[in-house]
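Presented below is the structure to which this report refers.
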Amino acid sequence: MRKLIVCLALFIPVALLAQEEDLLKQVEDSANQKRYVTAAFKSSRVINGHSMEFIGKGVLDVRILHRFGPVNSGIKEFFGLDHASMRMGLDYGLTENLTVGIGRTSVNKEFDAFVKFRPLRQSAGEGSWPFSLVWVSGITLNTMDWVDEERKNYFSSRLGFYHELIIGRKFSDKFSLQLAPTFVHRNMVPGADDDNDTYALGIGGRLKLSKRIAFVVDYHPILAGRAPNTKDPLSVGFDIETGGHVFQLHFSNSAGMNEKEFITNTTDDFWKGDIRFGFNLSRVFTLSRRR
Amino acid sequence: MKRKLLLVITGLVFFSSCYYDKEEVLYPDGLNCGTVPSKFATNVAPIIQTRCAITDCHAAGSTNGVGPLTNYTLIKNAAPQIKAAVVSRFMPQNSTLTDVEIKTISCWVDAGAPEN
């Protein structure tokens, strides 16, 4: 009897071990299946610029953006909060990889619309792909009255365009980085020597600090065709997620809220302290019925 | 629905297409920032003082819109709003600015609202 017990005692762990291996193998198998990497950024924008992230099919994203006056204007102006400009926008996910959006900014009474498409998506597991590739094309329409009503004014002069290619990767649960070569075209520029075309390189990064909070940086150094007296837009901030809402609180030298505006019209210098507080508020609604 | 939306957007992009216009070249006789004087002290400040920073409007202690416009810092901080308001002729409310005056202000704002 004792022998039997000893035998069993010796055998049971081995049996358990074998069973464990089977389970582990199953887990490994399912882990090896191809799956898309999600939540590289909390929002479809890094701060000002588009991020590699999509809102999903049938999802309506209501976005309300505010940019305030310069923080260094002092307590009398309540550190810039007395002066606000805003953009209201609606983004809609037509498919997982295709989003369209419209918006209207108070500065220049400007409308904008964009199409955002993701031909390649970062994935893990078998047949994985290391990064996401996103294309964004947008158009802006200035609806201010003409400075001079008498002259021959052209509708085309109101328009601007932007195109960008975003190459982004979620390196780990905590860290995501994207590069976004961006091209902005303005149909009409003020000066004879001004460039209609401006090229910038968007650099966006996210560092996750906790389950709900992330630190984000959005920088657009201008490579060529800089508009006179403009600086490179730089924004730093925090994303705060609270079920369905994403709050993006940030400090930036830019007051622009679309690509054309912040790349060609950022006149403040971040390093001289001409910084503005701003926030993006995003609320998503799932419109299409789940099957 | 999807197709229509895409059509509208591509239509917009194609029909308006790309122009390389320069305001100064397109309207050589018109008002432009090269010809309109737009220094803060000599050109901009006098317009603001006489047309904006007046009693019941944007004088000291004003709580209307952007508030008082009585010194450089206050005017600079409100520069984008001032430009938008005068270019759209929403402001001033008690008088009308000439085209040159409007251009003076908008050129100064476009130049980064320098203290010159």
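Read-outs throughout are calculated quantities, based only on the coordinates presented, and are distinct from any laboratory measurement. All figures in this text were calculated on a predicted structure; none of them were measured in a lab. Every residue, glycine among them, receives a Cβ derived from its backbone with ideal geometry; neighbour counts consider all protein chains shown.
Tally Lys and Arg at +1 and Asp and Glu at -1 over the other residues with C-beta under 14 Å from the C-beta of residue B:63: what net charge comes out? Before the final figure, lay out the partial values.
On the way: positive: A:76; negative: A:77, A:82, B:56.
Here the charged neighbours net out to -2.
Quick one: net charge around residue B:115, please, counting Lys, Arg +1 and Asp, Glu -1 for every other residue with C-beta under 12 Å from its C-beta.
Working: positive: B:39, B:76; negative: none.
Residues close to residue B:115 contribute a combined charge of +2.
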Along the dipole axis of region A:191-239 (charges at Cβ: +1 for Lys and Arg, -1 for Asp and Glu; origin at the Cα centre), the most positive-end residue among A:227, A:215, A:200 is A:215
What's the tally of Lys pairs in chain B whose alpha-carbon atoms lie under 28 angstrom apart, where the two lysines are 8 or more places apart or on different chains? 9
Which lysines have a Cα less than 17 Å from the Cα of residue A:211, not counting those fewer than 8 places away in the same chain? A:42, A:170, A:174
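Quick one: net charge of residue A:156's neighbours, Cβ under 11 Å, K/R +1, D/E -1?
Values: positive: A:158, A:186; negative: B:21.
After counting each charged neighbour, the total is +1.
Select from region A:30-116 those GluC sites (Glu not before Pro) which occupy a DSSP coil region and have at most 16 other Cβ atoms within 10 Å, ordered by residue number. Working shown, then result.
On the way: sites: A:53, A:77, A:96, A:110; in loops: A:53, A:96.
Hits after loop and neighbour filter: A:96.
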Here the relative contact order (percent) of region B:31-110, from C-alpha pairs under 8 Å and at least 6 apart, is 37
Proxy reagent accessibility, fewest Cβ within 10 Å first, across A:46, B:25, B:87: B:25, B:87, A:46
Over chain A, with a Gaussian network built from C-alpha contacts below 10 Å, which listed residue (A:127, A:89, A:256) shows the highest mean-square fluctuation? A:127
Calculated from DSSP helices alone, with each H run of at least 4 adding -39500 (n - 2.57) and the total divided by the residues of chain B, [θ]222 nm to the nearest 500 comes to -13000 deg cm²/dmol
Do you know the relative contact order of chain A, to the nearest whole percent, from alpha carbon pairs under 8 angstrom that are 6+ apart? 18
If every Lys and Arg gets +1 and every Asp and Glu gets -1 at its Cβ, then about the Cα centre region A:93-176 yields a dipole, in debye to the nearest 20, of 280
Could you work out how far helix A:2-32 tilts from the main Cα principal axis of chain A, as a 0 to 90 degree angle to the nearest 10? 20
Anchor residue A:208: aspartates and glutamates whose Cα lies under 14 Å away (excluding residues fewer than 8 positions away in-chain): A:173, A:239, A:241
Neighbour-count ranking [beta-carbon atoms within 10 angstrom, fewest first] of B:18, B:107, B:57: B:18, B:57, B:107
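Taking loop as defined by DSSP and a crowding limit of 16 other beta carbons within 10 Å, which chymotrypsin sites (Phe, Trp or Tyr not before Pro) in region A:134-186 fit?
Details: sites: A:135, A:146, A:154, A:155, A:161, A:162, A:171, A:175, A:183; in loops: A:146, A:154, A:171.
For chymotrypsin sites (Phe, Trp or Tyr not before Pro) across region A:134-186 that sit outside H, G, I, E and B with at most 16 neighbouring Cβ atoms in 10 Å, the list reads A:146, A:154, A:171.
In debye, nearest 20: dipole of the protein assembly as shown around its Cα centre with unit charges on the Cβ of K, R (+) and D, E (-)? Walk me through the intermediate numbers first.
Working: 47 positive and 42 negative charges, 378 e Å.
For the protein assembly as shown, the charge dipole is close to 1820 debye.
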Choice from A:52, A:86, A:144 with maximal GNM fluctuation in chain A (Cα, 10 Å cutoff): A:144
How many angstrom separate the Cα center of region A:178-228 from the Cα center of region B:68-116? 27
Using Cα centres only, tell me the gap between region A:90-143 and region A:246-265 in whole Å. 16
Over the alpha carbons of the protein assembly as shown, what is the largest minus smallest coordinate on each principal axis, giving the biggest first in Å? 111, 48, 39
